[in-house]
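The values are calculated or read from the model by the stated rules, or taken from the named source; none is laboratory data. If you're wondering where the values come from, they're calculated on a predicted model, not measured in any experiment. Positions of Cβ are backbone-derived with ideal geometry, glycine not excepted, and every protein chain shown enters the neighbour counts.
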Amino acid sequence: MKIERYANNPILAPIPASDWESVSVCNPGVWHDGDKFYLLYRAGPDTDLHPVYLGLAESEDGLHFTRVSDRPVFGPSENGFDGGCIEDPRIIRFGDTYFVTYAARMFPPGAYWKQLPLNGNNPDMPPEAPFAVRYNITRSALAATKDFKTWHRLGPITPPNVDDRDAIIFPEKVGDQFVMLHRPGPWVGPEYGCEKPSIWISFSDDLLTWEHSEVLASPMFDWEAHKIGGNAPPIKTEKGWLLLHHGVNESMSYRVGAMLLDLDNPRKVLARTPEPVMEPTERYECEGIVKNVVFPCGTVVKDGILYIYYGGADTCCCAATVPLKEFIDFVAAYPVNAS
């Protein structure tokens, strides 16, 4: 299955003179309102602290984007649970309000591409301090906005002392509950039912209280042997919820696969690609502050075409397209547990 990269990738790149997006502009979430495409992207400066912000760009055609401001539209709080970074946004909408999940740290993560410790910028804390504070782990959180300019922080949605990323909420309820995917890194071992960091599924009545998590999918293939996680919010199709997911191999290369989940029972994986549908091949995916990364956070379906928006090498924003029906048929050709 060939996913066509946009010939003029990247669609957004760092601005060297910027004080907040000089080294990293990547992992964009997206929304299309029938008129404009809104690209909400992660951005950070080339500093030892490297706080992480969200910027916003707009497009009429989904390929040519213009930044709406020379300042971030959403950034770390002054002294809160997300005081260090806000990154990897995934966007859904209920009514007239966009709900955005994001990964957050209490303190800036630092220049991680220089192999500095993620807790190197933390204030000195005694051993009695919470694990999350001492080690600056990632939690996932939820924010709400009507215009991507005025924001409300709704709070964390993953456990307080668990490094938990890739939180993705389904775009509509299933049955009478909200559904979320997430990737709690430390939940591995016999007591958790998985040997490597896996995609978990959770349910909620109110978008903030997520209980009864269970393993949805674990690494199965060599290209995802180290860990897997969800990417963009699932798309509802006739053959199931279409989910893009990333797999990381032992050499830490990030690739993208796809699954179909049962429409009425998304705990059930119907199909799953044994090989990646995208992998780092282009210079802007192989070279950057983190080599060999393709990482989507948003998709749009327009005129039967699936637009995939992804980060390349933690450095730039890129776009790719594929006919949706052909892609669904391709994924469905790899049923899970087929006799």
Provide a single number: the residues in region 170-214 that are farther than 17 Å from VAL248 by Cβ and touching a Ser or Thr at 6+ places or on another chain (Cβ under 6 Å). 5
Which of (1) surrounded by 23 or more Cβ atoms within 10 Å (Cβ to Cβ); (2) out of contact with any strand residue (DSSP E or B) (no Cβ under 6 Å at 6 or more places or on another chain); (3) in contact (Cβ under 8 Å) with a residue 40 or more places away in the chain is the odd one out, the single condition VAL294 does not satisfy? (2)
How many residues of region 205-228 are in contact (Cβ under 8 Å) with a residue 40 or more places away in the chain and in a strand (DSSP E or B)? The answer is 5
Do we find that GLY95 is at pLDDT below 95 and more than 20 Å from the chain's Cα centre (by Cα) in this structure? no
Would a scan of region 303-310 turn up a residue that is in a loop (DSSP other than H, G, I, E, B), out of contact with any strand residue (DSSP E or B) (no Cβ under 9 Å at 6 or more places or on another chain) and either surrounded by 23 or more Cβ atoms within 10 Å (Cβ to Cβ) or modelled with pLDDT of 95 or more (or both)? yes
Which condition breaks for LYS227 when tested against (1) in contact with a Lys or Arg (Cβ under 6 Å, 6 or more places away or on another chain); (2) under 21 Å from ALA143 (Cβ atoms)? (2)
Given (1) modelled with pLDDT of 95 or more; (2) more than 29 Å from ARG67 (Cβ to Cβ); (3) of a type in the set (S, T, N, Q), identify the lone condition not met by ASN119. (1)
How many of the residues in region 118-141 are buried (at least 16 other Cβ atoms within 10 Å of the Cβ), small (Gly, Ala, Ser) and either more than 24 Å from the chain's Cα centre (by Cα) or assigned to a strand (DSSP E or B) (or both)? 2
In this structure, is LEU243 crowded, with 16+ Cβ neighbours inside 10 Å, touching a residue at least 60 places away in the same chain (Cβ under 8 Å) and out of contact with any Pro (no Cβ under 7 Å at 6 or more places or on another chain)? no
Identify, please: which residue in region 155-180 is in contact (Cβ under 8 Å) with a residue 60 or more places away in the chain and in a loop (DSSP other than H, G, I, E, B) and is, among those, surrounded by the most Cβ atoms within 10 Å (Cβ to Cβ)? PHE170
Just checking, which of ALA57, ALA103, ALA7, ALA43 is within 28 Å of ALA258 (Cα to Cα), buried (at least 20 other Cβ atoms within 10 Å of the Cβ) and free of Cβ contacts under 8 Å to residues at least 40 places away in the same chain? ALA43
Only residues that are in contact with an Asp or Glu (Cβ under 8 Å, 6 or more places away or on another chain), modelled with pLDDT of 95 or more and within 30 Å of LYS325 (Cα to Cα): list them for region 1-23, please. ARG5, ASN9
Failed condition for LYS325, given (1) out of contact with any His (no Cβ under 7 Å at 6 or more places or on another chain); (2) touching a residue at least 40 places away in the same chain (Cβ under 8 Å); (3) under 18 Å from GLY240 (Cβ atoms): (2)
Going through (1) more than 30 Å from ILE11 (Cα to Cα); (2) touching a Leu at 6+ places or on another chain (Cβ under 8 Å) one by one, TRP241 fails only at (1)
Of the residues in region 67-95, how many are within 20 Å of ILE137 (Cβ to Cβ), part of a strand (DSSP E or B) and not basic (Lys, Arg)? 5
Inside region 246-291, the number of residues satisfying the requirement of being at negative phi and either in a strand (DSSP E or B) or among the aliphatic types (A, V, I, L, M) (or both) is 20
For region 181-204, which positions are more than 29 Å from ALA144 (Cβ to Cβ) and either touching a strand residue (DSSP E or B) at 6+ places or on another chain (Cβ under 8 Å) or outside any loop (DSSP other than H, G, I, E, B) (or both)? VAL188, GLY189, TYR192, GLY193, CYS194, GLU195, LYS196
